[in-house]
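Structure first, then comments.
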Amino acid sequence: MFLPRIIPVLLLKGKGLVKTVRFKDPRYIGDPINAVRIFNDLKADELIFLDICASRENRVISVDLVTSIGDEAFMPFAVGGGISNLRQMESLFRAGAEKIIINTAAVKNPDLIQQAAEYFGSQSIVVCMDVKKTLWKENRVWILGGRKNTDIEPVDWAMKSADLGAGEIMVNSIDQDGMMAGYDFDLVRQVSDAVSIPVIACGGAGSLEDFKQGFEQGRAHALAAGSLFVYHGPRKAVLVNYPSKADISRLFDKTEI
Amino acid sequence: MIHIVDYKMGNLRSAQKAFKRIDITSRITADPDEVLTAEKLVLPGVGHFSRAMNILQSTGLADALNQAVMVLKTPILGICLGMQLMTEFSEEGFSHGFGWVKGRASKFSFADSILKIPHMGWNRLQICSQSMILGDITEKDFFYFVHSYFVNCANPENVIAQTEYGNVFVSAFQHENIFGCQFHPEKSHDAGLKILKNFAEL
């Protein structure tokens, strides 16, 4: 019985943990290392850390911080934020990261995907795309932390990334981010159906039921969420949480693939 | 003391950290002499089969491992690619492995894109025969898998657990002092730690 991965996405602004709504209004949540310790206790499958300001501030996610995360985390984790060359990737892997996430740099220089996949292996390179709908409801890939429209169509970009050697595609919906109203299931499904590599759904999960739908309807093999794992209740009190393996197993119990 | 063989592929820290959590000392080594004198060995690995085999051969680690495993009968646990390297052959790079366990590694191939490659996520074991290493493990436990190639054993008696993902494959095997698991016990939380503990206490 296959179970998809359930992955907390922790957004960094420098060294603090924040959470956004539609990529805006970052709210300070706490200390990332403290969150790692709690997710250790809760036995999270994997963690994703993204420095959301790195690309547009022309810097890279802090190697010092990634080293501290690596010292603490029991589970594999992926890191992203402003990473644009193999040297940076090497120092982040050495700091303990299991996977590298590239976004803006991959769009600007698609060859980076191939170089990284050949050097470090496809399984450790994740291409993340931030997607926003136009006024005419067409999906477009945005870069620089959701600041710039590239006019690229997400399905095309996913197929190209996969061809270049990406190991996974992370589809992040800017419109759904922080809304906790469900993933953009159509978008996730379109991307997932277009590639043979695993897809990570991100943006909008508000309940465990959304994970089930992301897997069954969206055909994502990993379900990521931010707000759901750091907020509790309608007033969004900060409370780090994560479902137990028994809960996850029950959730997907009737699902067969 | 467990020696984790370092052939410059994959994140070895996670294996070492997992042993530390169950209070077992481990040491990462790339020294053939240390492999020969090790009490127990772990052969980890993420990456490409033929590249791994080439590195093991060019560094002298392959000779030391053959001696330790086949002559000195040192207990060894192969994880993921490490397990596949223990077989005779892999379709990945069409390369020969150590051949300690009769069998080979083939690539997953699915007609439909619903089943993604690699098999990356959690899955359970169907336990086929009792092995010390699976002590206290039940068919309800979930383990963390990341692989595009899977093992088939030529001798069914070597198969101690199998798992289904599109097709049924060998998720754990044993042949005398040689143990292999396709999943990552070091990334599988409590159930995985149990396996590492079982191996350490052999």
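The values are calculated or read from the model by the stated rules, or taken from the named source; none is laboratory data. Being a predicted model, the structure only gives us computed values, none of them experimental. Don't worry about glycine lacking a Cβ; one is built from the backbone with ideal geometry, like all the others, and counts go over all protein chains shown.
Miscellaneous remarks
- Yes/no for B:Val69 being crowded, with 20+ Cβ neighbours inside 10 Å, in contact with a Gly (Cβ under 9 Å, 6 or more places away or on another chain) and within 29 Å of B:Lys197 (Cβ to Cβ): no
- A:Val188 being away from chain B (no Cβ under 12 Å), in a helix (DSSP H, G or I), buried (at least 24 other Cβ atoms within 10 Å of the Cβ) and out of contact with any Phe, Trp or Tyr (no Cβ under 9 Å at 6 or more places or on another chain): yes
- Strands (runs of 3 or more DSSP E) wholly inside the range A:93-146 containing at least 1 residues that are under 19 Å from the mean Cα position of the chain (by Cα), under 18 Å from A:Asp51 (Cβ atoms) and within 14 Å of another protein chain (Cβ to nearest Cβ): A:99-102, A:125-133
- Index of the failed condition, A:Asp41 passing every other in (1) in contact with a helix residue (DSSP H, G or I) (Cβ under 9 Å, 6 or more places away or on another chain); (2) within 13 Å of chain B (Cβ to nearest Cβ): (1)
- Extreme residue, modelled with the lowest pLDDT, among residues of the range B:14-68 that are of a type in the set (Ser, Thr, Tyr) and part of a helix (DSSP H, G or I): B:Ser14
- Exclusive hit being out of contact with any strand residue (DSSP E or B) (no Cβ under 7 Å at 6 or more places or on another chain) and either within 14 Å of chain A (Cβ to nearest Cβ) or acidic (Asp, Glu) (or both), set B:Ala52, B:Ala62: B:Ala52
- Selection from the range A:191-210 of residues that are of a type in the set (Asp, Glu), surrounded by fewer than 17 Cβ atoms within 10 Å (Cβ to Cβ) and more than 14 Å from chain B (Cβ to nearest Cβ): A:Glu209
- Residue in the range A:38-58 that is free of Cβ contacts under 8 Å to residues at least 24 places away in the same chain and over 24 Å from B:Phe143 (Cα atoms) present: no
- Note on the range B:104-147: residues that are within 14 Å of the chain's Cα centre (by Cα) and under 24 Å from A:Asp45 (Cα atoms) total 7.
- Those residues of the range B:109-126 which are modelled with pLDDT of 95 or more and surrounded by fewer than 18 Cβ atoms within 10 Å (Cβ to Cβ), in sequence order: B:Gln126
- Meets criteria (in contact (Cβ under 8 Å) with a residue 40 or more places away in the chain, surrounded by fewer than 18 Cβ atoms within 10 Å (Cβ to Cβ) and of a type outside the set (Phe, Trp, Tyr)) for A:Arg27: no
- Scanning the range A:159-185 for residues that are touching a residue at least 40 places away in the same chain (Cβ under 8 Å) and within 14 Å of chain B (Cβ to nearest Cβ) yields A:Gly165, A:Ala166, A:Gly167, A:Glu168, A:Ile169, A:Met170, A:Val171.
- Matching residues in the range B:148-202 - criterion: being of a type in the set (Gly, Ala, Ser), away from every other protein chain (no Cβ under 14 Å) and within 12 Å of the chain's Cα centre (by Cα): B:Ala172, B:Gly180
- The range A:133-153, subset over 16 Å from A:Val188 (Cα atoms) and basic (Lys, Arg), residue surrounded by the fewest Cβ atoms within 10 Å (Cβ to Cβ): A:Arg147
Here is a yes/no grid of residues against (1) among the aliphatic types (A, V, I, L, M); (2) in contact with a helix residue (DSSP H, G or I) (Cβ under 7 Å, 6 or more places away or on another chain); (3) over 28 Å from B:Glu91 (Cα atoms):
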| position | (1), (2), (3) |
| --- | --- |
| B:Phe19 | no, yes, yes |
| B:Thr37 | no, no, yes |
| B:Leu41 | yes, yes, no |
| B:Leu61 | yes, yes, no |
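- Residue, farthest from A:Lys13 (Cα to Cα), within the range A:74-90, restricted to residues that are within 14 Å of another protein chain (Cβ to nearest Cβ) and out of contact with any Ser or Thr (no Cβ under 9 Å at 6 or more places or on another chain): A:Glu90
- Checking each residue in the range B:16-49 for being of a type in the set (A, V, I, L, M), more than 12 Å from chain A (Cβ to nearest Cβ) and surrounded by 20 or more Cβ atoms within 10 Å (Cβ to Cβ) picks out B:Val35, B:Ala38, B:Leu41, B:Val42, B:Leu43.
- Within the option set B:Phe142, B:Phe150, being of a type in the set (Phe, Trp, Tyr), under 26 Å from A:Gly96 (Cβ atoms), buried (at least 19 other Cβ atoms within 10 Å of the Cβ) and without any contact (Cβ under 8 Å) to a residue 60 or more places away in the chain holds for one residue only, B:Phe142.
- Applying the criterion of being within 19 Å of the chain's Cα centre (by Cα) and farther than 30 Å from B:Ala191 by Cα to the residues of the range A:60-73, the residue that is nearest to the other protein chains (Cβ to nearest Cβ) is A:Val63.
- Unmet criterion (only one of (1) in contact with a Ser or Thr (Cβ under 6 Å, 6 or more places away or on another chain); (2) surrounded by 23 or more Cβ atoms within 10 Å (Cβ to Cβ)) for A:Leu228: (1)
- Leading residue by the ranking (farthest from A:Ala35 (Cα to Cα)) among those in the range A:233-248 that are modelled with pLDDT of 90 or more and surrounded by 13 or more Cβ atoms within 10 Å (Cβ to Cβ): A:Ile248
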